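Everything below concerns the one structure shown next.
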Amino acid sequence: MASAAPKPLTGTKVLVILVAFFGVVFGVNGTMMKLAIATLPGTEVDSPYAAGLAYEKEIDAAHAQAARKWQVSANIQRGADGLATVQVEARDAKGQPLSGLKFKGTLERPTDKRADTRLELTETGIGIYRGSAAAVAAGQWDLVLEGDARGERMFMSKNRVILN
């Protein structure tokens, strides 16, 4: 019984194999690149140059905030339906409630800036501010609170929270 002779490896076959191999490699690399750029832009701020120029003002604002010695506490709860409720209690250095401030909050996702959610907090009692946001996913978030009085930022904090 004679076996059929194997087909010889020709230059054309080698060329087709090489083109197919590198075509698959480039195709997978291109797809991965597109997905990586689309899912995580890789920037913390839109303009690092502008953020650098504003850095000195941020330091001055932090010193002024520390000098006021305000006591601001926040409580955040997330319901099973995804509704996150934030309650902020603000007191001055003497422990008296701070009324008439305009607080706003942001829930920032550390891994995806596109998931950030803004909160408008309204004063529900003397020195107590509440706000809520719908469809907040469970996981790690940064709660950023800013308190304004007469158009000037008087308070700012950023804290990592875990929502269940």
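The values are calculated or read from the model by the stated rules, or taken from the named source; none is laboratory data. It should be emphasised that the depicted structure is a prediction, and the values quoted were computed from it without experimental measurement. Because the Cβ atoms are built from the backbone with ideal geometry, glycine has one as well, and the counts that use them run over all protein chains shown. We work out accessible area using only protein heavy atoms, side chains counted, and drop any ligands, DNA or RNA first. Shrake-Rupley method; radii C 1.70, N 1.55, O 1.52, S 1.80 Å.
Quick notes
- Sparse packing (at most 12 other Cβ atoms within 10 Å of the Cβ) combined with a DSSP loop state is found for the following GluC sites (Glu not before Pro) in region 31-105: 44.
- Counting lysine pairs in the chain whose alpha carbons fall under 23 angstrom apart, excluding pairs fewer than 8 residues apart on the same chain, gives 14.
- Probe 1.4 Å, protein heavy atoms only - accessible area per residue of the chain in square angstrom: 71 Å²
- For the pair region 1-66 and region 133-148, the centres of their Cα atoms are 31 angstrom apart.
- Average projected area [Cα convex hull, the chain], square nanometres: 18.6 nm²
- Placing unit charges on the Cβ atoms only, positive for Lys and Arg and negative for Asp and Glu, gives the chain a dipole magnitude near 440 debye about its Cα centre.
- Share of carbon and sulfur in the accessible heavy-atom surface of the chain [1.4 Å probe, %]: 60 percent
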